[in-house]
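Just below is one structure, and these are the notes that go with it.
Every number in this text was worked out from the coordinates using simple rules, so none of it is lab data. Everything numeric here is computed off the predicted structure, so don't read it as measured data. Note: ideal-geometry Cβ built from the backbone for every residue, glycine included; neighbour counts use all protein chains shown.
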Amino acid sequence: MPRSLVPLPPQIDGPFQVFLNGVLQTPGEDYRVDGRTLVFDQALQKDKISGWRWFLGAWGVGTYRQNDSIDVRYEVGGRPTLAEGLAITAIEE
């Protein structure tokens, strides 16, 4: 069963909301929290763009792959803050 782990940034202390590709996720249903790590029971990936793919893109040739983004909304001193594009580690079990 594939899983993906996303460590929470150290500045997040308190309630937060999790977004996967801009869509609000439900704790316990879409992900769970294990200590300071978000655990998703699905394979998430961040696309790494090589120099060759960047070169092709510069000339208008598109190459598309899975590129998931995990964002976390939280508050610091009563002000909303967003941690964007958190690191994702995929694990196959």
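Per-structure values
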read-out: Under 12 Å, Cβ to Cβ, from residue 16 - net charge with Lys/Arg +1 and Asp/Glu -1; value: -1
read-out: Residue-count net charge about residue 4 - beta-carbon cut-off 9 Å; Lys, Arg +1, Asp, Glu -1; value: -1
read-out: Vicinal HN-Hα couplings computed from phi for region 29-44 (Karplus, 6.51 cos²θ - 1.76 cosθ + 1.60; Hz; Gly/Pro x); value: 10, 9, 7, 9, 10, 10, x, 10, 10, 8, 10, 10, 8, 7, 7, 9
